[in-house]
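One structure is given below, encoded as structure tokens.
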Amino acid sequence: FTLERIEVLRGPIVLTKTTTTIGGIINVVRNDIPVRLPSRFTFQSGVFGETSNNGLLGAFAGELPFYNFVLRGEASRRKADDLKTPIGTLQNSNLETNNFSGSLSYVFKNGYLGASFREFQSDYGIPGGFVGAHPKGVDISMLKQQLKFKTEYVLNAKLIKDVQFSFNSDRYNHKEFEASGLIGAEFGIKDYNGDLFVNHNKLGLLENGTWGVSADYRDFNIGGYVFTSPTKAIKLSAYFYESIKLNKTSIEFSGRYNYDNLKPNTLNPNSSIGLITERTFNTVSLSVSAIQDISEDLHIGASLSRSSRVPTIEELYSEGPHLAAYSY
């Protein structure tokens, strides 16, 4: 409700974010950390209502500049009852969500440096009463806390346009309560991610491009009736994206290398799905696309890509169904 915009990225540039080019990705831009200095205090608020579940949402966000600093705050709350349908009320479909963030950014002539904290808390129900589900449904309680640091320095040198670095620390806790009040499953996930990339100016035939590296560490801990081994995962990546403009022809190409290591806390050679052991993956993704302008209103293009996707922790090590979500 308080985000600034949503971007849909497609084509070779997707490899600067992920290893899979098929379908593209959705990038939600919140600007939790302000990148520019507003001229005065700004504030926005809004209310959103729903009749199908008697839902109501209220939100506000504001930015306060002082000297070269910007203080930003945001909060929202949503509450809704069970959903009303043409054949009756869908029991245990209610929800309650609270979301807030605060950040401080220092803006200088050639860039910015800032940090933010965000907490997202949500309690909601998953309906039951049909084949494969808990008879009375499941209640979910989830909490996500994110600490983010980000900086950008604009060089405007002959080769290097700017350098950007970000670091995120995420803590996620998720509990699933059965109708009796007992906890049927609990997730505790810690994730640490760092990303460093450089945007360059025109270099020969190459227009603006990006070179970068990233690292991610995930501690995936789980308990209850979910049947997935607690696992630690490390991911290291290197990537590039370039574009060329030749008269009426535009060419884009990119590449990404990923190293993934997934190590279960307990090795099990005799599990119901076979050997549960440490796995390592080295993957390479490549993509190239070209667009030819036939006329002002007509363009023809082609793309070729090789995508890679490493199995998730759940896909590798799950030994049974996740009953609350009706998935395996």
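Quick check, is residue 197 touching a Ser or Thr at 6+ places or on another chain (Cβ under 6 Å) and open to solvent by less than 60 Å² (accessible area, probe 1.4 Å)? Write out each step before concluding.
Details: touching a Ser or Thr at 6+ places or on another chain (Cβ under 6 Å): yes; open to solvent by less than 60 Å² (accessible area, probe 1.4 Å): yes.
So residue 197 passes the test.
Scanning the stretch 86-109 for residues that are assigned to a strand (DSSP E or B) and either aliphatic (A, V, I, L, M) or open to solvent by less than 50 Å² (accessible area, probe 1.4 Å) (or both) yields 88, 90, 95, 97, 98, 99, 101, 102, 103, 104, 105, 107.
Considering only residues in the stretch 144-158 that are of a type outside the set (Phe, Trp, Tyr) and touching a Leu at 6+ places or on another chain (Cβ under 9 Å), the one that is surrounded by the most Cβ atoms within 10 Å (Cβ to Cβ) turns out to be 150.
Which of the residues spanning the stretch 134-183 are assigned to a strand (DSSP E or B) and among the aliphatic types (A, V, I, L, M)?
First pass over the stretch 134-183, keeping only residues assigned to a strand (DSSP E or B): 138-154, 160-177, 183.
138, 140, 142, 143, 147, 154, 160, 163, 183 - these are the residues of the stretch 134-183 that are assigned to a strand (DSSP E or B) and among the aliphatic types (A, V, I, L, M).
Looking only at the stretch 66-83, filter to residues that are at pLDDT 95 or above and either over 26 Å from residue 143 (Cβ atoms) or touching a Pro at 6+ places or on another chain (Cβ under 6 Å) (or both); which one of those is least open to solvent (accessible area, probe 1.4 Å)? My answer is 70. Looking at the stretch 212-328, the strands (runs of 3 or more DSSP E) lying wholly inside it that each contain 3 or more residues that are β-branched (Val, Ile, Thr) and surrounded by 12 or more Cβ atoms within 10 Å (Cβ to Cβ) sit at 231-246, 279-293. Could you check the stretch 110-143 and list, in sequence order, the residues that are open to solvent by 20 Å² or more (accessible area, probe 1.4 Å), in contact with a Ser or Thr (Cβ under 9 Å, 6 or more places away or on another chain), of a type in the set (Gly, Ala, Ser) and free of Cβ contacts under 8 Å to residues at least 40 places away in the same chain? Selection gives 141 alone. Tallying residues that are farther than 23 Å from residue 119 by Cβ and at pLDDT 95 or above within the stretch 154-183 yields 3. The C-beta contact set for the stretch 21-47 (first residue free of Cβ contacts under 8 Å to residues at least 60 places away in the same chain and over 23 Å from residue 76 (Cα atoms), second residue open to solvent by less than 60 Å² (accessible area, probe 1.4 Å) and among the aliphatic types (A, V, I, L, M), distance under 8 angstrom, 6+ apart or interchain) comprises 24/9; 24/14; 25/9; 25/14.
Tell me, yes or no, whether the stretch 256-272 has at least one residue that is under 27 Å from residue 150 (Cα atoms) and at pLDDT below 95. Taking every residue of the stretch 256-272 in turn, none turns out to be under 27 Å from residue 150 (Cα atoms) and at pLDDT below 95.
Kindly indicate whether residue 53 is open to solvent by less than 30 Å² (accessible area, probe 1.4 Å) and not β-branched (Val, Ile, Thr).
Values: open to solvent by less than 30 Å² (accessible area, probe 1.4 Å): yes; not β-branched (Val, Ile, Thr): yes.
Yes: the conditions hold for residue 53.
I need the full set of residues from the stretch 212-231 which are of a type outside the set (Ser, Thr, Tyr) and either at pLDDT below 95 or out of contact with any Lys or Arg (no Cβ under 6 Å at 6 or more places or on another chain) (or both), in order please. If the condition is that a residue be of a type outside the set (Ser, Thr, Tyr) and either at pLDDT below 95 or out of contact with any Lys or Arg (no Cβ under 6 Å at 6 or more places or on another chain) (or both), then 212, 213, 215, 218, 220, 221, 222, 223, 224, 226, 227, 230 are the ones that fit. From the list 6, 33, the lone residue that is modelled with pLDDT under 95 and assigned to a strand (DSSP E or B) is 6.
The values are calculated or read from the model by the stated rules, or taken from the named source; none is laboratory data. In this text the structure is predicted, and so the values were computed from the model without any measurement. No Cβ is skipped: glycine too gets one built from the backbone with ideal geometry, and neighbour counts run over all protein chains shown. Each accessible area value is taken on the protein alone, full model and side chains, heavy atoms only, with ligands, DNA and RNA left out. Shrake-Rupley method; radii C 1.70, N 1.55, O 1.52, S 1.80 Å.
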